[in-house]
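What follows is a short report on a single structure.
The values are calculated or read from the model by the stated rules, or taken from the named source; none is laboratory data. Quick caveat: nothing in here was measured; it's all calculated off a predicted structure. Ideal geometry is used to build each Cβ from the backbone, glycine not excepted, and the neighbour counts take in all protein chains shown.
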Amino acid sequence: MKRIGIIGAGIRGRLFAEVVRASPHAMVAGVADPHVRPEWIGETPFYNDHTQLLRQSALDGVVVATPDYAHRDPVIAVANAGLPMLVEKPFATTTQDSEAMAEAIVRNAVPVTVGFENRWNPHLVRIREAIDAGELGRPVWQQAELSNTQYVPLEMLSWAGRSSPVWFLMPHTVDLVTWFARSSVTSVRAVGSRGILRAQGTDTWDAVQALLTFENGSSATLTSSWVLPASTPGMVEFTYAFNGATGAVRADVIDQGLTVLADELRRQAPLGGPVGGQLVGAPVWMMQSFLDSLVRGAFGASGLRTGMAVTATLVAVEESLNTGMTVVPSKLPGWLPDAVATADDPGEAGERSATAP
Ligand SMILES: NC(=O)c1ccc[n+]([C@@H]2O[C@H](COP(=O)([O-])OP(=O)(O)OC[C@H]3O[C@@H](n4cnc5c(N)ncnc54)[C@H](O)[C@@H]3O)[C@@H](O)[C@H]2O)c1
């Protein structure tokens, strides 16, 4: 039985705990969160401080699901405890945090999965397979929109004012366009607007659009908004387009060919969560893959380099938003060991494990 610790007992911490509890090979050995103990934790030991969890729970692996800006301290503590971890996206929200976390991870040689759950999303895995099979030719341009209704920043996330569409949504699309381009980002130009959320007490970007160029000459435009109207069916919009030299793909990533006309969230991925008594969906399969790696004692490519590269691109998005200039993302530190650099080449990191659905 693998003993899993969960740091951050919010929406994602709870989902991952459910996946662990549904596994015959793992158990939730402890949960840490500085705030009140949520009811779903039941009899599981609970700590207000993640260092206590790490000291007292004899863990085999850890999930870090704290708010976007609060991954650094738990990740460094988990690395120093020598434990494999799944850390939610974004890996970090500053270059300083990213490098400090990577230093601890590399020094302790711990496996890391960064929560780029779309690597387990069948829509997107199929696109990558079409690209790899040469069905679409070399990448020319990509376009991705991942947005939320105002419910997410104003009601769902208590810390939205310390995040933004850049940090909450764009990690997914930056990861995807990099994975599909099979190339590194060379420049970023971003524009955005503010005011709608600020007027309601959450001072952050309403919407951001970014133009990315890649080393291979292709480009991508990304849009992420936190101000979709409440009348949007479901709280997420996610569309994606790839144009290659010989073919193209268009995807409505949310659409599953099934619409449940029951409430205002009817388009919210009805084929996610429990279906036929089984937990299904990309974040579930990602967590199951992490557990599977723990049980087998063998991890695939580390997500470290991808996590850091996505953070570097998003830091550049923020800088471009603030300066109005085109920004070149900072290079990853030269001290990342070759083994990590090779396994983690853009386009490779976070590959689905052979056992993922
Ligand atoms: N909610 C989603 O749909 C979603 C999807 C994908 C990824 N994520 C990512 O998952 C992470 C968590 O998001 P969430 O939606 O679960 O947020 P949440 O607010 O529901 O939960 C975060 C929890 O972390 C706790 N916390 C804060 N600081 C902490 C610390 N230092 N140590 C331990 N716990 C701490 C908070 O008290 C809270 O209970 C974020 O990085 C987010 O971007 C969320």
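So which residues in region 181-199 are outside any loop (DSSP other than H, G, I, E, B) and out of contact with any helix residue (DSSP H, G or I) (no Cβ under 6 Å at 6 or more places or on another chain)? Step through it out loud before you land on a result.
Keep residues of region 181-199 that are outside any loop (DSSP other than H, G, I, E, B), which gives 181, 185-194, 198-199.
A181, T186, S187, V191, S193, R194, R198, A199, listed by residue number.
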**OP:** Select from region 249-268 the residues that are surrounded by 15 or more Cβ atoms within 10 Å (Cβ to Cβ), modelled with pLDDT of 85 or more and either not in a strand (DSSP E or B) or not small (G, A, S) (or both) and list them in ascending order.
**Re:** V249, V253, I254, Q256
Original post:
Is there any pair with a first residue in region 30-50 that is touching a residue at least 12 places away in the same chain (Cβ under 8 Å) and among the hydroxyl-bearing types (S, T, Y) and a second that is in a loop (DSSP other than H, G, I, E, B) and surrounded by 14 or more Cβ atoms within 10 Å (Cβ to Cβ) whose Cβ atoms are under 9 Å apart and which are 6 or more apart or on different chains, and what are they?
Top reply: Y47/D33; Y47/S57
**OP:** Go through region 57-78 and give me each residue that's modelled with pLDDT of 95 or more, away from the ligand (no atom under 11 Å from the Cβ) and farther than 19 Å from R107 by Cα.
**Re:** A58, L59
Original post:
Is one or more of the residues making up region 86-100 surrounded by fewer than 18 Cβ atoms within 10 Å (Cβ to Cβ), small (G, A, S), out of contact with any strand residue (DSSP E or B) (no Cβ under 9 Å at 6 or more places or on another chain) and touching a residue at least 24 places away in the same chain (Cβ under 8 Å)?
Top reply: yes
Original post:
If you take the residues in region 79-91 that are part of a strand (DSSP E or B) and within 11 Å of the ligand (Cβ to nearest atom), which one is nearest to G300 (Cα to Cα)?
Top reply: L86
Subject >> Conditions (1) closer than 23 Å to E135 by Cβ; (2) at pLDDT below 95; number of the one not met by L271 >> reply: (1)
Original post:
What about I4, is it buried (at least 23 other Cβ atoms within 10 Å of the Cβ), among the β-branched types (V, I, T) and either away from the ligand (no atom under 11 Å from the Cβ) or over 23 Å from the mean Cα position of the chain (by Cα) (or both)?
Top reply: yes
Subject >> Residue that is surrounded by fewer than 18 Cβ atoms within 10 Å (Cβ to Cβ), part of a helix (DSSP H, G or I) and aliphatic (A, V, I, L, M), where the choices are V295, V315 >> reply: V295
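Of everything in region 221-248, what is over 19 Å from the mean Cα position of the chain (by Cα), surrounded by 19 or more Cβ atoms within 10 Å (Cβ to Cβ) and at pLDDT 95 or above? Give them in sequence order.
Start the filter on region 221-248 by keeping residues that are over 19 Å from the mean Cα position of the chain (by Cα), which leaves 227-234, 241-248.
Pick out the ones that are also surrounded by 19 or more Cβ atoms within 10 Å (Cβ to Cβ) and you get 227, 234, 242, 244.
Scanning region 221-248 gives V227, F242, G244.
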**OP:** Look at region 12-50 and say how many of its residues are farther than 21 Å from W285 by Cβ, in a helix (DSSP H, G or I) and near the ligand (Cβ under 9 Å from one of its atoms).
**Re:** 1
